[in-house]
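Nothing in this text is a laboratory measurement; each read-out follows from the coordinates by a stated rule. Only a predicted model underlies this, so the values are computations on that prediction, with no experimental measurement involved. FYI the Cβ positions are ideal-geometry reconstructions off the backbone, even for glycines, and counts take in every protein chain you see.
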Amino acid sequence: MASPSYTAVEVATALSKITLTNTLTSPLLRLPAELRNKIYTYVGHSEQIHIAATITNASPGDPTRDPSGFTMQFDFPGLLSTCQQTRSEATALIYAQSTVNTLSGDAWYWLYSHFAHRLCARVTSIQISEIFANLMERETDQRMLDSQDVKVCALHLPCLERVHVVCQVVAGWPIGSGYFTEEAVKEWFGNEGLDVFFEGSWSKQYSCPDSLIERYDMLVDGE
């Protein structure tokens with residue numbers, strides 16, 4: 001059996017050969033590094049990271065309800081799946097530039113979870129629904145009344161800079177935007193330096209699921 005150090009040398013040698021081959025044959029990887037970085041940054045700006053998540057509808061008190069009652073899968077930009085070298089080069093830039101979309105299904109619950117995904121350390125921008133922002137305000141108000149820490153987000157998001165709140169458009173104006181909601185979002189994340197943006201949308205695909213409040217109540221009732 002090969003020693004670990006010898007195996008590591010073999011792997012490094014193989015990767016060096018692959019990298020050399022890529023610089024000769026790949027239309028992308030034979031470009032200068034500076035140009036590749038610009039491409040990766042553009043992809044990050046133009047792509048969103050979606051979360052496919054499901055909360056199991058278990059009864060309160062069920063020990064499997066949380067966290068095992070919550071399943072999650074990240075849908076990353078396809079460029080990160082092309083090859084090992086591209087993934088190694090592009091991951092940090094794409095993570096840092098992309099917006100994480102929590103609008104569909106139960107994806108919003110990711111922010112209540114303790115999932116230590118590598119994305120958490122790099123994410124700079126998150127998109128949430130107007131209804132979820134209202135829930136944040138409700139939670140922070142209640143915690144303040146109970147003399148509790150108003151920070152709710154369970155994830156460690158050290159690089160988070162922006163939160164985009166997608167609001168329903170009525171008569172051409174997004175509803176739900178306001179100073180108190182903005183402050184509540186900052187308190188909920190425990191980050192007074194956040195930039196909170198309110199964006200109107202006519203699109204049904206960005207509508208928050210009707211069950212969000214019921215799902216939220218299902219989760220907190222058992223605490």
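Excluding Leu160 itself, calculate the net charge of residues whose Cβ lies under 13 Å from the Cβ of Leu160, where each Lys or Arg counts +1 and each Asp or Glu counts -1. Intermediate results must be reported in sequence, preceding the final value.
Values: positive: Arg122, Lys151, Arg162, Lys186; negative: Glu161, Glu192, Asp195.
Once all neighbours under 13 Å are counted, the net charge is +1.
For the range 117-132, what does the Karplus curve 6.51 cos²θ - 1.76 cosθ + 1.60, with θ = phi - 60°, yield as ³J(HN,Hα) per residue in whole Hz, taken in order and with x for Gly and Pro?
Running phi through 6.51 cos²θ - 1.76 cosθ + 1.60 with θ = phi - 60° gives 6, 4, 4, 4, 6, 10, 4, 10, 9, 10, 10, 10, 8, 4, 5, 5 Hz.
Calculate one ³J(HN,Hα) per residue across the range 180-189 by plugging θ = phi - 60° into the Karplus curve 6.51 cos²θ - 1.76 cosθ + 1.60, and present them in order as whole Hz with x for glycine and proline.
For the range 180-189, the Karplus curve yields 5, 5, 4, 5, 5, 4, 4, 5, 4, 7 Hz.
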